[in-house]
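As structure tokens, the structure follows; a few thoughts come after it.
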Amino acid sequence: MNEDQFNTSLRKFLKQVGVTSQREIEKAVRDAIAAGTIKGHEKLKAKVVLTIDSVGLAHEVSDEIELG
């Protein structure tokens with residue numbers, strides 16, 4: 001395995017996940033506020049599941065996102 005190539009590829013993947021996830025969360029929250037589904041001061045329970053089937057990875061991260 002080429003450690004440098006692996007590290008670069010992994011960082012690129014994680015950056016893409018972070019940026020696209022943030023955009024999607026922001027859009028969903030704004031849409032929910034506009035629709036009246038939420039008020040805008042809640043704490044939202046969030047969960048991300050990362051899987052890589054070929055290596056048997058299933059990693060879950062759960063936390064809350066505070067709106068204010």
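The values are calculated or read from the model by the stated rules, or taken from the named source; none is laboratory data. This is a predicted model, so every value here is computed, not measured. All Cβ positions, even for glycine, are placed from backbone atoms using ideal geometry, and neighbour counts span all protein chains on display. Each accessible area value is taken on the protein alone, full model and side chains, heavy atoms only, with ligands, DNA and RNA left out. Shrake-Rupley method; radii C 1.70, N 1.55, O 1.52, S 1.80 Å.
Couple of notes before you dig in:
- Selection of trypsin sites (Lys or Arg not before Pro), the chain, meeting DSSP coil and at most 10 other Cβ within 10 Å: LYS39
- In the full protein context, the chain carries 90 Å² of accessible surface per residue, based on a 1.4 Å probe and ignoring ligands, DNA and RNA.
- For the chain, the Cβ-based charge dipole about the Cα centre amounts to some 260 debye (Lys, Arg positive; Asp, Glu negative; other atoms uncharged).
- Accessible area of the chain belonging to carbon and sulfur atoms, whole % at 1.4 Å probe: 54
- Where the alpha-carbon atoms of the chain are placed on the principal axes, they occupy 50, 20, 18 Å, in descending order.
- The angle separating the long axis of helix 3-35 from the principal Cα axis of greatest extent in the chain is about 10 degrees.
- 27 Å Cα-Cα threshold exceeded, pairs from LYS12/LYS39; LYS27/LYS47; LYS12/LYS47: LYS12/LYS39
- Computed lengthening from ALA58 to GLN22, 0.36 nm per intervening residue step minus Cα-Cα distance: 10.8 nm
- DSSP-loop GluC sites (Glu not before Pro) across the stretch 1-38, with at most 16 other Cβ within 10 angstrom: none
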